[in-house]
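To start, the structure under review is shown below, and the notes come after it.
The values are calculated or read from the model by the stated rules, or taken from the named source; none is laboratory data. Everything numeric here is computed off the predicted structure, so don't read it as measured data. Note that we place each Cβ from the backbone using ideal geometry, even for glycine, and neighbour counts take in every protein chain shown. Surface areas here come from the heavy atoms of the whole protein model, side chains and all, with no ligands, DNA or RNA. Shrake-Rupley method; radii C 1.70, N 1.55, O 1.52, S 1.80 Å.
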Amino acid sequence: MKTYDVIVIGGGILGGAVAFYLAKQKAGKILLLERGNVGQGNSSLAAGLLTRGRFKSHLIPMVLETYRAIEEIEAASGEFLNMRQTGCLYAAVSPDHQKEIADLVAVSSQAGLKVEWLDKADATRLVPWLVLPQHAAVAFMPDDGYIDGYTFASGYIKTARSLGVEVLENTVVFSILRDGGRITGVRTANEDISAPVVIDAAGVWAGMLAYEIGVGLPMAPIRSHYWITETRSFISPIQPFVILPDARAYARPESNRLLFGIREKQSASIHPASLPHTINGLTFRQDPRGWETLMEGAPKLSLFFPQIDEIKVTNYIHGLSNYTPDGNFVVGAFPGLVGFIAATGCAGAGLAMSGGIGRLVAELVTGQNPFVDPAPHRIDRFGVVDPTDSDFIQRCADARSGKVTG
Ligand SMILES: Cc1cc2nc3c(=O)[nH]c(=O)nc-3n(C[C@H](O)[C@H](O)[C@H](O)COP(=O)(O)OP(=O)(O)OC[C@H]3O[C@@H](n4cnc5c(N)ncnc54)[C@H](O)[C@@H]3O)c2cc1C
């Protein structure tokens with residue numbers, strides 16, 4: 001039987017980041033297994049916003065680590081990951097949302113992030129398509145950027161490979177193998193592969209892999225979606241991306257088109273046991289083409305982007321992320337089971353948090369002092385959880401519906 005020190009399941013942004021940091025920290029002989037081709041899961045669908053501003057200040061060092069990883073990958077591979085450092089503009093109108101933005105600015109500047117208040121004229125100079133009332137509060141984080149998820153995940157994995165990680169594509173892990181209180185490896189179609197440590201980074205499929213060995217991960221697959229307009233000359237890729245909490249929306253340039261997301265009031269979920277094997281087979285019973293959400297959200301969005309009423313919407317993209325009830329992630333060991341480590345529960349921020357999650361997991365595996373407190377992301381923080389229970393899935397969907405930042 002082939003033997004490794006660590007097996008990583010999943011070749012998305014999180015599996016890739018974990019493999020990259022494990023290799024950097026010389027965690028031994030590492031194997032990454034991917035059911036299809038790397039980077040082609042939900043990571044390839046992400047809007048790619050890498051927002052540094054977080055209400056939870058403990059998440060800020062994790063996203064900063066992602067920016068460091070981008071620099072390291074580019075230096076190591078000599079390839080440009082094409083991150084667009086345009087800045088992020090938050091605009092709020094209602095008193096409640098203005099207060100939220102003021103809180104976000106306070107937390108961000110306390111964490112040492114660059115953030116400034118803009119007046120309306122400066123804001124619309126930066127983002128010409130944006131219409132704002134005089135009293136809008138506008139904060140700008142000039143260092144933020146966005147990135148393509150497939151390119152970024154491939155960058156992690158390519159660099160991990162160059163550092164010695166073995167990557168097997170088109171290899172399905174049927175199950176994680178455990179012997180009593182200890183992990184012993186994984187079972188694939190062709191063979192059993194042994195390892196004392198298995199990292200479950202299988203995205204929305206991670207939950208069922210863990211559940212089958214008696215581990216309940218506190219997360220559920222919840223839909224995220226966005227639309228892309230036709231090309232217009234007033235949209236340009238160097239414009240900042242925009243977060244509009246009053247419209248429950250965000251938008252960023254996609255070349256000369258506008259990519260915009262609207263959060264539905266009731267986020268759609270999929271029972272983890274009913275997931276298709278790949279995102280290509282993904283369908284939702286609730287508002288399957290996103291029209292209801294678009295129709296419901298467009299009037300509020302049109303206050304900021306009046307062209308929405310006449311511009312042609314050419315693309316609709318939907319996919320899944322694992323949401324948790326508290327917006328923290330699902331990272332670390334499971335009590336009583338030696339060798340199982342989760343790297344998932346990304347709460348819709350897997351690209352932004354990939355560096356932080358990858359580094360944290362590698363530090364836990366290699367027994368180093370973690371660079372951030374792992375407690376908020378512990379698997380057992382909600383006690384015993386049944387991730388197949390519909391009430392629990394609803395709690396995760398509600399967390400997504402209430403999300404305010406990008
Ligand atoms: C529409 C949308 C917009 C988003 N926008 C943003 C954004 O702006 N910013 C941001 O940070 N995040 C965003 N996200 C979230 C982000 O995409 C996710 O957090 C991230 O992709 C999760 O990465 P992952 O590696 O866990 O999952 P995935 O990319 O899905 O990777 C999991 C991999 O595991 C593989 N796998 C599964 N089961 C097995 C098995 N049994 N054996 C072998 N391999 C297996 C899959 O094939 C897949 O490649 C968005 C998500 C969506 C859907």
Anisotropy class of the range 3-49 from Cα gyration tensor, a/c 1.5 cut: oblate
Amide proton proximity set for Val8, modelled H, under 5 Å, gap of 5+: Leu31, Leu32, Leu33, Ile199
Integer Hz, Karplus 6.51/-1.76/1.60 couplings in order for the range 327-340, x for Gly and Pro: x, 8, 9, 10, 9, x, 7, 10, x, x, 10, 6, x, 8
Accessible heavy-atom area order of Arg125, Arg395, highest first, probe of 1.4 Å: Arg125, Arg395
Inter-label distance, nm, simple model (7 Å from Cα along the C-beta direction), Arg285/Asp391: 2.0 nm
Sulfur and carbon atoms: percent of accessible area, the range 49-167 [1.4 Å]: 52 percent
Given charges at Cβ of Lys, Arg, Asp, Glu: the chain dipole, positive-most of Ile73, His58, Thr344: Ile73
Gain upon complete extension [Lys2, Gln266; 0.36 nm per residue less C-alpha separation]: 90.4 nm
All Cα pairs of the range 71-186, percent lying beyond 18 Å: 69 percent
Helix 149-162 vs. the chain, principal-axis angle (Cα, 0 to 90°, nearest 10): 30 degrees
Cα convex hull of the chain, projected area averaged across orientations, nm²: 18.4 nm²
Dimensionless Rg/Rh of the range 348-406 - Kirkwood Rh, Rg from C-alpha atoms: 1.04
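Could you work out [θ]222 nm for the chain from helices alone, using -39500 (n - 2.57) per DSSP H run of at least four and dividing by all its residues? Round to the nearest 500 deg cm²/dmol.
My calculation for the chain gives -8500 deg cm²/dmol from helical runs alone.
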Extension gain from Thr314 to Glu191, taking 0.36 nm per residue of separation minus the Cα-Cα distance: 39.8 nm
Lysine pairs in the chain with Cα atoms under 18 Å, if 8 or more residues apart or on separate chains: 13
1.4 Å probe accessible area per residue over the range 1-135, in Å²: 43 Å²
Degrees separating the helix 95-110 axis from the principal Cα axis of the chain, which is the longest one: 60 degrees
FRET efficiency for Phe234 and Asn37, using Cβ-Cβ distance with R0 set to 45 Å, rounded to 0.05: 0.75
Dimensionless Rg over Rh [the range 144-282; C-alpha; Kirkwood]: 1.06
Under-5 Å amide H pairs with Phe334, H placed in peptide plane, nonlocal only: Phe340
GluC sites (Glu not before Pro) within the range 153-225: DSSP coil, no more than 13 neighbouring Cβ in 10 Å: Glu191, Glu212
Packing rank of 202-210, 82-90, where each peptide gets the mean count of other beta carbons within 10 Å, highest leading: 202-210, 82-90
Inter-label distance for Gln307 and Glu169, nm, one decimal - labels placed 7 Å from Cα along Cα-to-Cβ: 3.7 nm
Relative contact order (%) - criterion: Cα under 8 Å, at least six apart; region: the chain: 24 percent
